[in-house]
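Any read-out appearing in this document is the output of simple, stated calculations on the displayed coordinates, not a laboratory observation. The shown structure was predicted, so the numbers you read here are calculated from the model rather than taken from an experiment. We place every Cβ from the backbone using ideal geometry, glycine too, and count neighbours over all the protein chains shown.
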Amino acid sequence: MVEYKNVNIIKASFRLMQKVGMGPVRPGVIEECEKFIADNNIDFLPWAQSCLDDLKTVLAETKIDGETLNDDVRQELIAPIMQIKASGAMFQNKPLTELAACLLHFLENIKTLDADVMQIIKANEVVLTAFLKDEEHTNVLTPTKEKLIIELRAACNRYGTKNEIGSFF
């Protein structure tokens, strides 16, 4: 067993303890989970598509007012992206995970909901859709996909610079 020195133990929140329980993790559970993740053959793309559909619905219902971004609206925008990011990581889909992580970071740090923000979100949604439709290379981070992610990050950074938020990436 690995022994760690100078470890700072953080007490779990009550909500987390309700979800996962209390006390030590039973030996072998982590290995079982890692084996399940490595050996799974579940097609998570329909799940990712349903999350993307949820994002499209939120985008269609969201009013652009240029005002401070309401926390409820922010959470509605973040929730499907967070699901794609987490599921993409678990099912080893690097392109979807990286793109969702980029959009998630952007959404967590913007202050207002204006036309530029909506354009960035919609551009990310279009690229996520394209990544999902690439059945032949869904899990592969091709050079083209990498360039698209880099350009979307650059768009977020341009927005941050223009609005005096600073660089996101």
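The ranking of 81, 165 from fewest to most other beta carbons within 10 Å of each one's beta carbon is 165, 81. Lys and Arg at +1, Asp and Glu at -1: add these up for the other residues within a Cβ distance under 13 Å of residue 51 and post the number. Net charge around residue 51: -2.
For the listed peptides 150-160, 36-46, a ranking on the average number of other beta carbons within 10 Å per residue, highest first, reads 150-160, 36-46.
Peptides 20-31, 111-122 ordered by packing proxy, namely the average of other Cβ atoms within 10 Å per residue, highest first: 111-122, 20-31.
Would you calculate a helix-derived [θ] at 222 nm for the chain, using -39,500 (n - 2.57) for each DSSP H run of n ≥ 4 and dividing by the full residue count, to the nearest 500? Helices in the chain give a 222 nm mean residue ellipticity of -21500 deg cm²/dmol.
Per the Kirkwood formula applied to alpha carbons, the chain shows a radius of gyration over Rh ratio, Rg over Rh, of 1.03.
Checking every one of the trypsin sites (Lys or Arg not before Pro) in segment 7-47 against DSSP loop status and a limit of 16 other Cβ atoms within 10 Å picks out 11. If one computes the Cα centroid of segment 1-41 and of segment 42-58, what distance in Å separates the two points? Cα centroid to Cα centroid, the span is 28 Å. With 22 Å as the limit on Cα-Cα distance, the pairs of 133/162; 5/35; 63/85; 94/122; 19/56 that go past it are 133/162; 5/35; 63/85; 19/56.
For segment 22-162, a simple Cβ point-charge model (Lys and Arg +1, Asp and Glu -1, everything else neutral) yields a dipole of about 400 debye relative to the Cα centre.
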